[in-house]
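Right, one structure below, let's go through it.
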Amino acid sequence: MQLFKLKTRLHQFDKFADFAHEFGLNEMDLVLTNNYLYEPFMKPLNLKCHFIMKGKYGPGEPSDEMMNAILQEVKPLKYNRVIAIGGGTIMDISKLFVLKGLEDVTDAFERKISLVKEKQLIIVPATCGTGSEVTNISIAEIKSKKTKMGLADDALMPDDAVLIPELLRGLPFRPYIASAIDALIHAMESYVSPKATPYTQTFSRAAIEIIVDIFMKIAEHGPDYRLERLGDMLIASNFAGIAFGNAGTGAVHALSYPLGGKYHVPHGEANYQFLTEVFKIYQQKNPTGKIQELNNIFNKNFQWSSEEIYDKLDELLSNLLEKKPLKDYGMTEADITGFAESVMKTQQRLLANNYVELTQKEIENIYRKRY
């Protein structure tokens, strides 16, 4: 049994300019980013890279159509490194562009082609949630299937992950908190995963302790408190990424994908909808396994008893980000059964990582409760 792996080299810099100098960014680099990051951090450095601005291809999270449109622009360019500077969307797109002979990204997600890495991949997160800078996973909406799909393969593993707290300073509070909640979910789901080991749980535990502490301080002092702990949150997100990159995520992510795919709910916000409901069922079905260890983390650090942990967590998170009913996103009652069927059919990669098995009926009940 493999206990742990981390193939990605980790780096940290105070300033983006320090990273650009140390890594020698040049004309053989393909940089995918957003204009709001390019203007203050990259443009003043007069870098000679090939820059692709994701915003040119539309808003929102990645889809096969968006990725293929960017692929057409990228194909004629000569480059030997792919550098992603941005949030989860930028990271997910960039991972596909290291593959040899890629013509249509859907072929990769459906594994109709061999996945062979031929470019170096460097990822610089500008949010604090996905942890994608240390995982071999790319996620996209596949329009024809009306859901999100995940592609997990070591060909997508970043060679280098670079943490630069400066890049988070301009991130508005809502995307900050949604991405940070996503990091918390990564840590919690990976902690109780059947694939969890003492090594992955060490990273999960550290991430939970840091993230919840920051959340409690934000609730007490206000949103600007986050600016005092940008480096801490970036590292906590990275810890969570390392944990779930090894142990995987489960039902919370699985249930979020149809919601994100059909109604374009941002990834972190969609996951947030199902966090406590899934863990309450886990607690009911098997209260004495790894979830008891997870509960002890909350009890020891925040003095929450096992009986109240998920209500306390719900209360804390709701003070930071409104938890809207699913119907407010456009979901209909008729979607409930369809979404549950979609999860059972298309998300077995994630459901295999559940703490306990969930039936289709139980998944329907979670959707119905959140509806």
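The values are calculated or read from the model by the stated rules, or taken from the named source; none is laboratory data. Quick caveat, the model's predicted, so the values are computed rather than measured. Quick reminder, even Gly has a Cβ in these numbers, built from the backbone with ideal geometry, and neighbours come from all protein chains shown.
Conditions (1) in a loop (DSSP other than H, G, I, E, B); (2) over 28 Å from I211 (Cα atoms), marked per residue:
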residue	(1), (2)
D314	no, no
K323	yes, no
K327	no, yes
M331	yes, yes
T337	no, yes
A340	no, yes
N354	yes, no
E357	yes, no
K361	no, yes
Fill in the blank from the handout: Among E118, E133, the single one that is in contact with a Leu (Cβ under 9 Å, 6 or more places away or on another chain), free of Cβ contacts under 8 Å to residues at least 60 places away in the same chain and assigned by TED's automatic domain parsing to the domain that holds M66 is E118
Practice task
Examine region 69-84 for a residue that is basic (K, R), crowded, with 16+ Cβ neighbours inside 10 Å and under 21 Å from the mean Cα position of the chain (by Cα), and state whether such a residue exists.
Solution key: no
Exercise for the section: Pick out the one residue from F51, F97, F109, F41 that is closer than 20 Å to Y176 by Cα and among the aromatic types (F, W, Y). Expected result: F41
Fill in the blank from the handout: Among helices (runs of 4 or more DSSP H) completely within region 1-119, the ones holding 3 or more residues that are under 29 Å from P172 (Cβ atoms) are 16-23, 64-74, 88-96
Handout entry: region 355-371, residues that are touching a Ser or Thr at 6+ places or on another chain (Cβ under 8 Å) and either of a type in the set (A, V, I, L, M) or crowded, with 22+ Cβ neighbours inside 10 Å (or both)
Key = Y355
Practice task
Please work out which one of (1) closer than 30 Å to R111 by Cβ; (2) assigned by TED's automatic domain parsing to the domain that holds P258; (3) in contact (Cβ under 8 Å) with a residue 60 or more places away in the chain is the condition F203 fails and give its number.
Solution key: (3)
Practice task
State yes or no: is Y263 buried (at least 24 other Cβ atoms within 10 Å of the Cβ), touching a residue at least 40 places away in the same chain (Cβ under 8 Å) and not small (G, A, S)?
Solution key: no
Practice task
Could you tell me whether any residue of region 268-278 is assigned by TED's automatic domain parsing to the domain that holds V212 and either more than 23 Å from F173 (Cβ to Cβ) or over 22 Å from the mean Cα position of the chain (by Cα) (or both)?
Solution key: yes
Exercise for the section: May I ask you to list the residues in region 318-341 that are among the acidic types (D, E) and touching a residue at least 12 places away in the same chain (Cβ under 8 Å)? Expected result: E333, D335, E341
Handout entry: Selection status of V252, among the β-branched types (V, I, T) and closer than 30 Å to D159 by Cβ
Key = yes
Completion exercise
Subset of region 279-318, residues more than 22 Å from the chain's Cα centre (by Cα) and among the polar types (S, T, N, Q), comes to Q283, Q284, N286, T288, Q292, N295, N296, N299, N301, Q303, S305, S306
Practice task
Assess whether P194 counts as being surrounded by fewer than 24 Cβ atoms within 10 Å (Cβ to Cβ), out of contact with any helix residue (DSSP H, G or I) (no Cβ under 6 Å at 6 or more places or on another chain) and of a type outside the set (D, E).
Solution key: yes
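This table checks each residue for (1) closer than 20 Å to P165 by Cα; (2) among the polar types (S, T, N, Q); (3) under 17 Å from the mean Cα position of the chain (by Cα).
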position	(1), (2), (3)
A187	no, no, yes
Y191	no, no, yes
F203	yes, no, yes
I208	yes, no, yes
A219	no, no, no
P223	yes, no, no
R229	yes, no, no
M233	yes, no, yes
